[in-house]
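Heads up, the thing below is written out as C-alpha coordinates.
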Amino acid sequence: MNYRHAFHAGNFADLVKHATLTLVLEALGRDPAPLTVIDTHAGAGGYDLDGELARRTGEAAQGVFRLMAAKDAPPAFDRLKAAVRKGNPGGGVRFYPGSPSLIVAALRPRDRFIACELREDDVALLNQTLAPFSGAKAFQTDGYGMAEREAGKGGRVFILIDPPFERGDDYARLAATMASVLLLDPEACMAVWLPLKDLETFDAFLRSVEPIGADLLIVETRLKPLTDPMKMNGCVMVVANPPEGLEEPLADACRWVADRLGDAGGKASVWRTGM
Ligand SMILES: C[S@@+](CC[C@H](N)C(=O)[O-])C[C@H]1O[C@@H](n2cnc3c(N)ncnc32)[C@H](O)[C@@H]1O
(Lines give C-alpha, C1' and ligand atoms only; values in the text may rest on other atoms or scores of the structure.)
Protein backbone atom coordinates (compact mmCIF):
# COMPACT_ATOMS: atom_id res chain seq x y z
CA MET A 1 0.00 0.00 0.00
CA ASN A 2 1.62 3.20 -1.19
CA TYR A 3 -1.25 5.63 -0.73
CA ARG A 4 -0.91 8.18 2.05
CA HIS A 5 -3.64 10.73 2.44
CA ALA A 6 -1.16 13.29 3.79
CA PHE A 7 -0.18 14.00 0.14
CA HIS A 8 -3.74 15.07 -0.67
CA ALA A 9 -5.14 16.43 2.59
CA GLY A 10 -7.17 19.60 2.18
CA ASN A 11 -7.42 19.40 -1.61
CA PHE A 12 -10.64 20.17 -3.53
CA ALA A 13 -11.84 16.57 -3.18
CA ASP A 14 -11.44 16.68 0.60
CA LEU A 15 -13.51 19.88 0.68
CA VAL A 16 -16.38 18.21 -1.19
CA LYS A 17 -16.11 15.00 0.85
CA HIS A 18 -15.88 16.76 4.19
CA ALA A 19 -18.69 19.24 3.45
CA THR A 20 -20.89 16.24 2.60
CA LEU A 21 -19.74 14.36 5.70
CA THR A 22 -20.44 17.23 8.09
CA LEU A 23 -23.88 17.93 6.57
CA VAL A 24 -24.85 14.23 6.79
CA LEU A 25 -23.69 14.06 10.42
CA GLU A 26 -25.54 17.25 11.28
CA ALA A 27 -28.77 15.90 9.75
CA LEU A 28 -28.45 12.45 11.39
CA GLY A 29 -27.69 14.13 14.72
CA ARG A 30 -31.16 15.73 14.73
CA ASP A 31 -32.60 12.30 15.54
CA PRO A 32 -32.08 11.62 19.26
CA ALA A 33 -31.63 7.85 18.75
CA PRO A 34 -28.03 6.60 19.14
CA LEU A 35 -25.94 6.42 15.98
CA THR A 36 -23.05 4.13 15.05
CA VAL A 37 -20.61 5.71 12.59
CA ILE A 38 -18.13 3.54 10.68
CA ASP A 39 -15.27 5.15 8.75
CA THR A 40 -14.00 2.23 6.64
CA HIS A 41 -10.90 4.04 5.35
CA ALA A 42 -10.10 6.47 8.14
CA GLY A 43 -6.54 7.58 7.35
CA ALA A 44 -4.46 9.35 10.01
CA GLY A 45 -7.23 11.42 11.60
CA GLY A 46 -5.65 14.80 10.89
CA TYR A 47 -2.84 16.23 8.76
CA ASP A 48 0.02 18.71 9.08
CA LEU A 49 -0.08 20.76 5.88
CA ASP A 50 3.38 22.06 6.74
CA GLY A 51 4.70 18.49 6.81
CA GLU A 52 6.94 17.06 4.10
CA LEU A 53 4.27 14.92 2.41
CA ALA A 54 1.68 17.70 2.10
CA ARG A 55 4.28 20.22 0.93
CA ARG A 56 5.49 17.84 -1.78
CA THR A 57 2.19 18.09 -3.69
CA GLY A 58 0.96 21.48 -2.45
CA GLU A 59 -2.61 20.36 -3.16
CA ALA A 60 -4.03 22.22 -0.15
CA ALA A 61 -3.06 25.52 -1.79
CA GLN A 62 -5.85 24.95 -4.31
CA GLY A 63 -8.21 23.66 -1.64
CA VAL A 64 -8.49 24.54 2.03
CA PHE A 65 -6.20 27.57 1.80
CA ARG A 66 -8.52 29.08 -0.81
CA LEU A 67 -11.60 28.08 1.18
CA MET A 68 -10.37 29.69 4.39
CA ALA A 69 -9.43 32.90 2.58
CA ALA A 70 -12.72 33.14 0.67
CA LYS A 71 -15.42 35.61 1.65
CA ASP A 72 -18.12 33.94 -0.43
CA ALA A 73 -17.93 30.24 0.55
CA PRO A 74 -21.42 28.76 0.99
CA PRO A 75 -22.75 27.62 4.40
CA ALA A 76 -22.16 23.93 3.59
CA PHE A 77 -18.51 24.57 4.49
CA ASP A 78 -19.24 26.22 7.85
CA ARG A 79 -18.59 23.11 9.99
CA LEU A 80 -15.41 22.25 8.13
CA LYS A 81 -14.18 25.83 8.46
CA ALA A 82 -14.99 25.79 12.19
CA ALA A 83 -13.00 22.55 12.58
CA VAL A 84 -10.03 24.06 10.73
CA ARG A 85 -10.15 27.15 12.98
CA LYS A 86 -10.38 24.96 16.09
CA GLY A 87 -7.37 22.91 14.96
CA ASN A 88 -5.36 26.10 14.39
CA PRO A 89 -6.07 28.20 17.48
CA GLY A 90 -3.17 30.53 16.72
CA GLY A 91 -4.58 31.32 13.26
CA GLY A 92 -3.39 30.19 9.84
CA VAL A 93 -4.13 26.85 8.21
CA ARG A 94 -1.46 24.39 9.26
CA PHE A 95 -3.54 21.47 10.57
CA TYR A 96 -6.32 19.96 8.48
CA PRO A 97 -8.94 17.67 10.05
CA GLY A 98 -9.41 14.24 8.49
CA SER A 99 -12.76 12.49 8.45
CA PRO A 100 -12.26 10.93 11.95
CA SER A 101 -11.71 14.38 13.49
CA LEU A 102 -14.88 15.70 11.86
CA ILE A 103 -16.82 12.64 13.00
CA VAL A 104 -15.75 12.82 16.66
CA ALA A 105 -16.65 16.53 16.68
CA ALA A 106 -20.23 15.56 15.80
CA LEU A 107 -20.56 12.54 18.14
CA ARG A 108 -22.95 12.69 21.07
CA PRO A 109 -22.23 10.72 24.27
CA ARG A 110 -24.66 7.96 23.20
CA ASP A 111 -23.05 7.48 19.77
CA ARG A 112 -20.30 5.05 18.74
CA PHE A 113 -17.51 5.49 16.21
CA ILE A 114 -15.55 2.67 14.57
CA ALA A 115 -12.55 3.85 12.52
CA CYS A 116 -10.72 1.36 10.28
CA GLU A 117 -7.30 1.84 8.73
CA LEU A 118 -4.78 -0.67 7.38
CA ARG A 119 -1.50 1.29 7.69
CA GLU A 120 0.22 0.85 11.03
CA ASP A 121 1.74 4.36 11.00
CA ASP A 122 -1.62 6.00 10.27
CA VAL A 123 -3.38 3.84 12.89
CA ALA A 124 -0.91 5.15 15.49
CA LEU A 125 -1.80 8.75 14.55
CA LEU A 126 -5.49 7.87 14.44
CA ASN A 127 -5.31 6.48 17.97
CA GLN A 128 -3.97 9.83 19.18
CA THR A 129 -6.90 11.67 17.53
CA LEU A 130 -9.49 9.33 19.00
CA ALA A 131 -7.97 8.94 22.50
CA PRO A 132 -10.11 11.67 24.18
CA PHE A 133 -13.37 10.15 22.91
CA SER A 134 -14.65 7.14 24.88
CA GLY A 135 -17.17 6.15 22.20
CA ALA A 136 -14.55 6.04 19.45
CA LYS A 137 -12.13 3.21 18.63
CA ALA A 138 -9.58 2.63 15.89
CA PHE A 139 -9.05 -0.82 14.34
CA GLN A 140 -6.18 -1.87 12.11
CA THR A 141 -8.37 -3.89 9.84
CA ASP A 142 -10.05 -4.04 6.44
CA GLY A 143 -12.86 -1.48 6.53
CA TYR A 144 -15.05 -3.17 3.93
CA GLY A 145 -15.16 -6.32 6.08
CA MET A 146 -15.88 -4.30 9.23
CA ALA A 147 -18.83 -2.52 7.56
CA GLU A 148 -20.26 -5.88 6.45
CA ARG A 149 -19.84 -7.39 9.93
CA GLU A 150 -21.38 -4.42 11.77
CA ALA A 151 -24.35 -3.89 9.45
CA GLY A 152 -27.61 -5.41 10.57
CA LYS A 153 -26.65 -5.51 14.26
CA GLY A 154 -29.47 -3.06 14.95
CA GLY A 155 -29.67 0.68 15.57
CA ARG A 156 -28.98 3.56 13.25
CA VAL A 157 -25.81 3.30 11.17
CA PHE A 158 -23.85 5.74 9.02
CA ILE A 159 -20.91 4.40 6.99
CA LEU A 160 -18.30 6.52 5.21
CA ILE A 161 -16.34 4.64 2.52
CA ASP A 162 -13.35 6.58 1.18
CA PRO A 163 -10.97 4.15 -0.56
CA PRO A 164 -7.65 5.18 -2.12
CA PHE A 165 -8.54 3.52 -5.46
CA GLU A 166 -4.99 2.21 -5.83
CA ARG A 167 -6.26 -1.36 -6.27
CA GLY A 168 -8.04 -2.55 -9.37
CA ASP A 169 -10.86 -4.09 -7.34
CA ASP A 170 -11.84 -1.03 -5.25
CA TYR A 171 -14.93 -0.29 -7.40
CA ALA A 172 -16.08 -3.92 -7.19
CA ARG A 173 -15.47 -4.12 -3.42
CA LEU A 174 -17.27 -0.83 -2.93
CA ALA A 175 -20.33 -2.06 -4.83
CA ALA A 176 -20.25 -5.44 -3.04
CA THR A 177 -20.02 -3.76 0.38
CA MET A 178 -22.89 -1.39 -0.41
CA ALA A 179 -24.99 -4.38 -1.52
CA SER A 180 -24.17 -6.47 1.59
CA VAL A 181 -24.75 -3.61 4.04
CA LEU A 182 -28.02 -2.47 2.46
CA LEU A 183 -29.30 -6.04 2.28
CA LEU A 184 -28.74 -6.46 6.03
CA ASP A 185 -29.86 -2.93 6.89
CA PRO A 186 -31.92 -1.29 4.11
CA GLU A 187 -32.03 1.96 6.09
CA ALA A 188 -28.29 2.36 6.63
CA CYS A 189 -26.97 5.70 5.44
CA MET A 190 -23.77 5.32 3.42
CA ALA A 191 -21.55 8.01 1.89
CA VAL A 192 -19.01 6.90 -0.68
CA TRP A 193 -16.24 8.96 -2.29
CA LEU A 194 -15.19 8.31 -5.91
CA PRO A 195 -12.66 10.00 -8.17
CA LEU A 196 -14.01 11.33 -11.47
CA LYS A 197 -11.62 10.67 -14.33
CA ASP A 198 -13.89 9.59 -17.16
CA LEU A 199 -17.64 9.14 -17.34
CA GLU A 200 -17.53 5.48 -18.41
CA THR A 201 -15.98 4.32 -15.12
CA PHE A 202 -18.44 6.33 -13.05
CA ASP A 203 -21.44 5.16 -15.11
CA ALA A 204 -20.27 1.56 -14.79
CA PHE A 205 -20.13 1.98 -11.00
CA LEU A 206 -23.66 3.41 -10.93
CA ARG A 207 -24.90 0.52 -13.08
CA SER A 208 -23.22 -1.95 -10.72
CA VAL A 209 -25.10 -0.56 -7.70
CA GLU A 210 -28.44 -0.05 -9.52
CA PRO A 211 -29.73 -3.56 -8.69
CA ILE A 212 -29.47 -2.73 -4.96
CA GLY A 213 -32.45 -0.41 -5.58
CA ALA A 214 -31.28 2.16 -3.02
CA ASP A 215 -32.19 5.82 -3.05
CA LEU A 216 -28.92 7.51 -4.01
CA LEU A 217 -27.92 11.16 -3.88
CA ILE A 218 -25.18 11.88 -6.42
CA VAL A 219 -22.98 14.87 -5.61
CA GLU A 220 -20.72 15.55 -8.58
CA THR A 221 -17.99 18.16 -8.98
CA ARG A 222 -15.94 18.54 -12.16
CA LEU A 223 -12.94 20.86 -12.08
CA LYS A 224 -12.57 20.60 -15.86
CA PRO A 225 -14.08 18.75 -18.82
CA LEU A 226 -13.45 14.99 -18.68
CA THR A 227 -11.10 14.96 -21.65
CA ASP A 228 -8.05 13.34 -20.03
CA PRO A 229 -9.00 10.08 -18.27
CA MET A 230 -5.51 9.81 -16.73
CA LYS A 231 -6.22 12.85 -14.51
CA MET A 232 -8.51 13.31 -11.54
CA ASN A 233 -10.85 15.76 -13.22
CA GLY A 234 -13.32 15.87 -10.39
CA CYS A 235 -14.94 13.75 -7.72
CA VAL A 236 -18.29 12.35 -6.71
CA MET A 237 -19.94 11.61 -3.39
CA VAL A 238 -22.66 8.97 -3.58
CA VAL A 239 -24.97 8.98 -0.55
CA ALA A 240 -27.32 6.03 -0.05
CA ASN A 241 -30.45 6.76 2.03
CA PRO A 242 -29.53 10.45 2.26
CA PRO A 243 -31.10 12.53 5.02
CA GLU A 244 -33.50 15.21 3.78
CA GLY A 245 -32.31 18.66 2.83
CA LEU A 246 -28.81 17.98 1.51
CA GLU A 247 -29.35 18.74 -2.19
CA GLU A 248 -29.38 22.52 -2.08
CA PRO A 249 -26.46 23.14 0.28
CA LEU A 250 -24.33 20.52 -1.48
CA ALA A 251 -25.17 21.93 -4.92
CA ASP A 252 -23.98 25.33 -3.65
CA ALA A 253 -20.80 23.79 -2.23
CA CYS A 254 -19.94 21.89 -5.43
CA ARG A 255 -20.70 24.91 -7.61
CA TRP A 256 -18.36 27.01 -5.46
CA VAL A 257 -15.58 24.41 -5.78
CA ALA A 258 -16.05 24.12 -9.56
CA ASP A 259 -16.23 27.90 -10.09
CA ARG A 260 -13.50 29.01 -7.69
CA LEU A 261 -11.05 26.11 -7.78
CA GLY A 262 -11.71 24.67 -11.25
CA ASP A 263 -10.84 25.58 -14.82
CA ALA A 264 -13.11 26.72 -17.62
CA GLY A 265 -15.58 23.93 -18.31
CA GLY A 266 -15.86 22.88 -14.65
CA LYS A 267 -19.35 22.06 -13.45
CA ALA A 268 -21.35 20.81 -10.52
CA SER A 269 -24.50 18.73 -10.37
CA VAL A 270 -26.46 17.08 -7.61
CA TRP A 271 -29.23 14.62 -8.40
CA ARG A 272 -31.09 11.59 -7.05
CA THR A 273 -31.63 8.11 -8.41
CA GLY A 274 -34.16 5.53 -7.29
CA MET A 275 -36.93 8.06 -6.63
C1 LIG B 1 -8.47 8.43 1.06
S2 LIG B 1 -7.63 7.88 2.49
C3 LIG B 1 -8.76 8.21 3.79
C4 LIG B 1 -8.96 9.65 4.12
C5 LIG B 1 -9.94 9.90 5.24
N6 LIG B 1 -11.18 9.18 5.03
C7 LIG B 1 -10.24 11.37 5.39
O8 LIG B 1 -11.19 11.86 4.73
O9 LIG B 1 -9.57 12.06 6.16
C10 LIG B 1 -7.75 6.15 2.34
C11 LIG B 1 -7.12 5.38 3.50
O12 LIG B 1 -7.55 4.03 3.44
C13 LIG B 1 -6.52 3.16 3.87
N14 LIG B 1 -6.89 1.83 3.35
C15 LIG B 1 -6.65 1.28 2.14
N16 LIG B 1 -7.31 0.11 2.01
C17 LIG B 1 -7.99 -0.08 3.17
C18 LIG B 1 -8.87 -1.09 3.63
N19 LIG B 1 -9.19 -2.14 2.87
N20 LIG B 1 -9.39 -0.97 4.87
C21 LIG B 1 -9.06 0.09 5.67
N22 LIG B 1 -8.25 1.09 5.28
C23 LIG B 1 -7.72 1.00 4.04
C24 LIG B 1 -5.28 3.80 3.28
O25 LIG B 1 -4.12 3.42 4.01
C26 LIG B 1 -5.60 5.31 3.44
O27 LIG B 1 -5.08 5.80 4.67
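Here is how the numbers come out for the structure above:
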{"read-out": "Out of Gly168, Gly213, sole residue that is of a type outside the set (Val, Ile, Thr), farther than 17 Å from Ser269 by Cα, within 16 Å of the ligand (Cβ to nearest atom) and surrounded by fewer than 18 Cβ atoms within 10 Å (Cβ to Cβ)", "value": "Gly168"}
{"read-out": "Qualifying residue in region 72-92 (condition: modelled with pLDDT of 95 or more, surrounded by fewer than 23 Cβ atoms within 10 Å (Cβ to Cβ) and of a type in the set (Phe, Trp, Tyr))", "value": "no"}
{"read-out": "Subset tally (residues that are under 17 Å from Leu226 (Cβ atoms) and either within 16 Å of the chain's Cα centre (by Cα) or surrounded by 17 or more Cβ atoms within 10 Å (Cβ to Cβ) (or both)) for region 172-201", "value": "4"}
{"read-out": "Residues (assigned to a loop (DSSP other than H, G, I, E, B) and under 23 Å from His8 (Cβ atoms)) located in region 130-187", "value": "Gln140, Thr141, Asp142, Asp162, Pro163, Pro164, Phe165, Glu166, Arg167, Gly168, Asp169"}
{"read-out": "Qualifying positions in region 19-59 - under 26 Å from Asp252 (Cβ atoms) and acidic (Asp, Glu)", "value": "Glu26, Asp31, Asp39, Glu59"}
{"read-out": "Some residue of region 235-243 being closer than 16 Å to Pro74 by Cβ, surrounded by 14 or more Cβ atoms within 10 Å (Cβ to Cβ) and either at pLDDT 95 or above or within 15 Å of the chain's Cα centre (by Cα) (or both)", "value": "yes"}
{"read-out": "Cβ pairs under 8 Å, 6+ apart, first in region 127-149 and within 9 Å of Thr40 (Cβ to Cβ) and of a type in the set (A, V, I, L, M), second in a loop (DSSP other than H, G, I, E, B) and within 8 Å of the ligand (Cβ to nearest atom)", "value": "Met146/Thr40; Ala147/Thr40"}
{"read-out": "Residue that is nearest to Leu223 (Cα to Cα) [pool: residues in region 28-48 that are buried (at least 17 other Cβ atoms within 10 Å of the Cβ) and away from the ligand (no atom under 13 Å from the Cβ)]", "value": "Leu28"}
{"read-out": "Residues satisfying the stated conditions in region 73-82, i.e. of a type in the set (A, V, I, L, M, F, W, C) and touching a residue at least 60 places away in the same chain (Cβ under 8 Å)", "value": "Ala73, Ala76, Phe77, Leu80"}
{"read-out": "Val93, sole failed condition from (1) part of a helix (DSSP H, G or I); (2) of a type in the set (A, V, I, L, M); (3) out of contact with any His (no Cβ under 6 Å at 6 or more places or on another chain); (4) closer than 22 Å to Ala60 by Cα", "value": "(1)"}
{"read-out": "Qualifying residue in region 256-264 (condition: free of Cβ contacts under 8 Å to residues at least 40 places away in the same chain, of a type in the set (Asp, Glu) and more than 30 Å from Glu187 (Cβ to Cβ))", "value": "yes"}
{"read-out": "Residue among Asp142, Asp228 that alone is at pLDDT below 95 and among the acidic types (Asp, Glu)", "value": "Asp228"}
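The values are calculated or read from the model by the stated rules, or taken from the named source; none is laboratory data. Values in this document were obtained by computation on a predicted structure and should not be read as measured data. With ideal geometry, Cβ positions are generated from the backbone for all residues, glycine too; neighbour counts draw on all protein chains shown.
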